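Colleague: Dropping the structure in here first, questions after.
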Amino acid sequence: MLHYQWNWAIILEQVPGTEEFYYQWLIKGLELTLATALSAWLIALVLGSLIGIARTVPNKWLSALATAYVEIFRNIPLLAQLFFWFFVLPELLPEAAGDWMKQSMPYPEFITGVFGLGLFTAARVAEQIRTGILALPRGQKNAGLAMGFTLGQTYRHVLLPMAFRIVIPPLTSEFMNMFKNSAVCYGIGLTELYFQLKQITGDYAPGNGLEVAGYVTLIYLAMALVVNRGMAWVERKVTIPGTIGGTKK
Amino acid sequence: MRKSMLLTAVLVASLTAVHAEELTGTLKKINDSGIITIGHRESSIPFSYIDEHQKPVGYAMDLCMKVVDSVKKRLNKPSLITKMVPVTSQTRIPLMVNGTIDMECGSTTNSKERQKQVAFSNSYYVTSVRMVVKANSGIKSLADLNGKAVVTTTGTTSDRLIKQNEAAKNLDIKNLYGKDHAESFLMVETGRAAAFVMDDILLASLIADSKNPKDYAIVGPVLSVEPYGIMVRKDDPQFKQIADDTLAALFKSGEGNKLYNKWFMSPIPPKSVNINLPMSDKLKDAFAHPNDVGI
């Protein structure tokens, strides 16, 4: 790249025609990325846990419903799901509801993005939780029932505490994926970090796309590392000595 | 006998010396390798796009092939190989600067910002930024957009233009972003946005391709005038000269007008749709006075 004019200070420059600076745009995008990823993770964790548990209960209908959910939401690409919620759903609803969704709903891209991302990841979290529950010896559930717990109490006091601790590593992966997948929401117009990258390198700073992309890559990397280390701390804090992962590393 | 041979030799040598001006930059590269590489777009209708036979065609492509003909003549290499490389808005400048492509034939605006990294030939098209709305919406001017949602495509200057006008006229506008032109148009089609701000030619081709072209209208003031040029390497006057001279000759001879009508006023691949956009006054001006002034 003999003649490429490198300019790593590009993000400190003012956006031509405005009073703002490029780094301010990146920060605005970062805020939305964090908000989207964290909100969607909340939905994914809660919904995913419920569905994962539902797949392991003896009730055939509940288990079938949960399996259907997981198969549908795991097999359709995230972008296709987001397009469905954003473009197709308002057309399928009655006119008044559709128009409300398109025009009067506050923050439509954010809500659709969080909702879509949450549902998509919930299917994957459900599988992790199911794995955790199934990894426990059968004796645990039988012992719980034998002690007089109902099935619900067995889950709450015996199975889930251990299952969650077992699956913290794969859950960490899913949590990190949240931040990366939030970039897909740019496809429905959410002005998060990846969107800001496309906006800046499109026409505002067309000659310095590589530097801006470099900075954005570092930011995503930093977010993933923070999540990783955070979850590692959580894992250490909740370890029960003597159980899987309980021995000192 | 010897003297006349010597004289002839000197004469021949001097004649060839006049034409053997040393090749520099891109011309030297093409001469040495025997290949000229053209960067093209995949869906910038009607400038540079892939038709139903997977071949890159378009108004800009036709102009570039004329430049290639000029290069063949200049280097006296009628069997020069032409390589086609697809590019996007993000990759076109890096690929030009690192030597992968020798010319970029698409819908690239000649801007001063870009001139820091690359150079442009004479402008072959001038686009006006306006907006498309549903014909029955009654929106005619910027003031009518107050309280409505306006969509632009991510990474285009239309966003800056609409924001400047919002501030200047104190309008309350919701800014939406489509990830590409097709999606932005879809937002107007489904009613998410009241208007889509973009270059008029892109709007015209989207309307022509839509299900009911009569439902839409291009309205509003011209927010900006942007010239398109063939992108070439910076600090490479020899190659730029060939491109400029070729285009100037085409404009003067009327061939430029013929090419314009072929792509803007007649049915074009892939669906034989006619965009039907007559030559604007600004473009007629650019044809009459070829220039490479950027915005």
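The values are calculated or read from the model by the stated rules, or taken from the named source; none is laboratory data. Nothing here was measured: the structure is a model prediction, and the numbers come from that model. Using ideal geometry, Cβ is built from the backbone for each residue, glycine included, and neighbour counts are taken over all protein chains shown.
Colleague: What tally of residues in segment B:94-136 results from selecting those that are farther than 18 Å from B:ASP236 by Cβ, buried (at least 19 other Cβ atoms within 10 Å of the Cβ) and basic (Lys, Arg)?
Modeller: Residues in segment B:94-136 being farther than 18 Å from B:ASP236 by Cβ, buried (at least 19 other Cβ atoms within 10 Å of the Cβ) and basic (Lys, Arg): 1 in total.
Colleague: Something else now. For the subset of segment A:98-111 comprising residues that are under 20 Å from A:LEU30 (Cβ atoms) and either at the interface with chain B (Cβ under 10 Å from one of its Cβ atoms) or in contact (Cβ under 8 Å) with a residue 60 or more places away in the chain (or both), which member is surrounded by the fewest Cβ atoms within 10 Å (Cβ to Cβ)? Working first, answer last.
Modeller: First, the residues of segment A:98-111 that are under 20 Å from A:LEU30 (Cβ atoms): A:107, A:109-111.
Keeping just the survivors that are either at the interface with chain B (Cβ under 10 Å from one of its Cβ atoms) or in contact (Cβ under 8 Å) with a residue 60 or more places away in the chain (or both) gives A:109-110.
Working: A:GLU109: 24, A:PHE110: 20.
By that ranking, first place goes to A:PHE110.
Colleague: Would you check which residues across segment A:14-43 are acidic (Asp, Glu), within 22 Å of A:ALA222 (Cβ to Cβ) and within 12 Å of another protein chain (Cβ to nearest Cβ) and list them? Before the answer, list the steps.
Modeller: Applying the first criterion (acidic (Asp, Glu)) to segment A:14-43 yields A:19-20, A:31.
Checking which are within 22 Å of A:ALA222 (Cβ to Cβ) leaves us with A:31.
Within segment A:14-43, none qualify.
Colleague: Condition first: among the hydrophobic types (A, V, I, L, M, F, W, C), crowded, with 23+ Cβ neighbours inside 10 Å and at pLDDT 95 or above. Can you find one or more residues in segment B:71-93 that meet it?
Modeller: No: segment B:71-93 contains no residue that is among the hydrophobic types (A, V, I, L, M, F, W, C), crowded, with 23+ Cβ neighbours inside 10 Å and at pLDDT 95 or above.
Colleague: Yes or no: segment B:173-187 includes at least one residue that is touching a residue at least 24 places away in the same chain (Cβ under 8 Å), more than 25 Å from the chain's Cα centre (by Cα) and away from chain A (no Cβ under 11 Å).
Modeller: Yes, because at least one residue in segment B:173-187 is touching a residue at least 24 places away in the same chain (Cβ under 8 Å), more than 25 Å from the chain's Cα centre (by Cα) and away from chain A (no Cβ under 11 Å).
Colleague: Taking only pairs six or more apart or across chains, which ones have beta-carbon atoms under 7 Å, a first residue in segment B:139-168 that is without any contact (Cβ under 8 Å) to a residue 40 or more places away in the chain and more than 9 Å from chain A (Cβ to nearest Cβ), and a second residue that is surrounded by fewer than 17 Cβ atoms within 10 Å (Cβ to Cβ) and part of a helix (DSSP H, G or I)?
Modeller: B:ALA143/B:LYS169
Colleague: Can you confirm whether segment B:103-112 contains a residue that is free of Cβ contacts under 8 Å to residues at least 60 places away in the same chain, under 16 Å from B:ILE30 (Cα atoms) and hydrophobic (A, V, I, L, M, F, W, C)?
Modeller: No, segment B:103-112 contains no residue that is free of Cβ contacts under 8 Å to residues at least 60 places away in the same chain, under 16 Å from B:ILE30 (Cα atoms) and hydrophobic (A, V, I, L, M, F, W, C).
Colleague: Take B:LYS240 and decide whether it is within 14 Å of chain A (Cβ to nearest Cβ) and basic (Lys, Arg).
Modeller: Working: within 14 Å of chain A (Cβ to nearest Cβ): no; basic (Lys, Arg): yes.
No; evaluated as a whole, the condition is false for this residue.
Colleague: Looking at A:VAL227, A:VAL238 in this structure, which one is more than 11 Å from chain B (Cβ to nearest Cβ), more than 30 Å from A:LYS102 (Cβ to Cβ) and within 15 Å of the chain's Cα centre (by Cα)? Show your work before the answer.
Modeller: Details: A:VAL238 fails: within 15 Å of the chain's Cα centre (by Cα).
Result: A:VAL227 is the single residue among A:VAL227, A:VAL238 that is more than 11 Å from chain B (Cβ to nearest Cβ), more than 30 Å from A:LYS102 (Cβ to Cβ) and within 15 Å of the chain's Cα centre (by Cα).
Colleague: Among helices (runs of 4 or more DSSP H) lying entirely in segment A:116-218, which contain 1 or more residues that are touching a strand residue (DSSP E or B) at 6+ places or on another chain (Cβ under 7 Å) and within 14 Å of chain B (Cβ to nearest Cβ)? Walk me through how you get there before you give the answer.
Modeller: Working: elements: A:138-146, A:151-154, A:160-166, A:168-181, A:193-199.
Result: A:193-199.
Colleague: Hey, another quick one. Filter segment B:59-99 down to the residues that are within 14 Å of chain A (Cβ to nearest Cβ) and part of a helix (DSSP H, G or I) and list them by number.
Modeller: Of all residues in segment B:59-99, those within 14 Å of chain A (Cβ to nearest Cβ) come to B:87-99.
B:ARG92, B:ILE93, B:PRO94, B:LEU95, B:MET96, B:VAL97, listed by residue number.
Colleague: Moving on to the next point. Anything in segment B:116-133 that is more than 24 Å from B:ASN165 (Cα to Cα) and at pLDDT 90 or above? List them, or say none.
Modeller: Matches in segment B:116-133: B:VAL118, B:ALA119, B:PHE120, B:SER121, B:ASN122, B:SER123, B:TYR124, B:TYR125.
Colleague: Is it true that B:GLY220 is under 30 Å from B:LEU142 (Cα atoms), more than 12 Å from chain A (Cβ to nearest Cβ) and at pLDDT below 90? Walk me through it before giving the result.
Modeller: On the way: under 30 Å from B:LEU142 (Cα atoms): yes; more than 12 Å from chain A (Cβ to nearest Cβ): yes; at pLDDT below 90: yes.
Criteria met by B:GLY220.
Results for (1) closer than 30 Å to A:LEU78 by Cα; (2) acidic (Asp, Glu); (3) within 16 Å of the chain's Cα centre (by Cα), shown as yes or no for each residue.
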site: A:PHE115; (1), (2), (3): yes, no, yes
site: A:ALA123; (1), (2), (3): yes, no, yes
site: A:GLN153; (1), (2), (3): no, no, no
site: A:GLY189; (1), (2), (3): yes, no, no
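Colleague: Looking at segment B:17-30, can you tell me whether even one residue there is surrounded by 16 or more Cβ atoms within 10 Å (Cβ to Cβ), on the phi < 0 side of the Ramachandran plot and basic (Lys, Arg)?
Modeller: We begin by selecting, within segment B:17-30, every residue surrounded by 16 or more Cβ atoms within 10 Å (Cβ to Cβ); these are B:23, B:25-27, B:29-30.
Within this subset, residues satisfying the condition of being on the phi < 0 side of the Ramachandran plot are B:23, B:26-27, B:29-30.
Among the residues that remain, those that are also basic (Lys, Arg) are: B:29.
There is at least one residue in segment B:17-30 that is surrounded by 16 or more Cβ atoms within 10 Å (Cβ to Cβ), on the phi < 0 side of the Ramachandran plot and basic (Lys, Arg).
Colleague: Only one residue in A:VAL88, A:VAL46 is surrounded by fewer than 18 Cβ atoms within 10 Å (Cβ to Cβ) and within 12 Å of another protein chain (Cβ to nearest Cβ), so which one is that? Step through it out loud before you land on a result.
Modeller: Values: A:VAL46 fails: within 12 Å of another protein chain (Cβ to nearest Cβ).
Sole residue among the options that is surrounded by fewer than 18 Cβ atoms within 10 Å (Cβ to Cβ) and within 12 Å of another protein chain (Cβ to nearest Cβ): A:VAL88.
Colleague: So how many residues does segment A:115-163 have that are of a type in the set (Val, Ile, Thr) and farther than 21 Å from A:ALA66 by Cα? Let's see the steps before the verdict.
Modeller: The initial filter retains those residues of segment A:115-163 that are of a type in the set (Val, Ile, Thr), namely A:121, A:125, A:129, A:131, A:133, A:150, A:154, A:158.
After this cut, where a residue has to be farther than 21 Å from A:ALA66 by Cα as well, the list is A:150, A:158.
Selection size over segment A:115-163: 2.
Yes/no per residue for (1) of a type in the set (A, V, I, L, M, F, W, C); (2) crowded, with 21+ Cβ neighbours inside 10 Å; (3) at pLDDT below 95:
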| position | (1), (2), (3) |
| --- | --- |
| A:GLY132 | no, yes, yes |
| A:MET147 | yes, no, yes |
| A:ARG156 | no, no, yes |
| A:TYR186 | no, yes, yes |
| A:GLN196 | no, yes, yes |
| A:ALA213 | yes, no, yes |
| A:ILE240 | yes, no, yes |
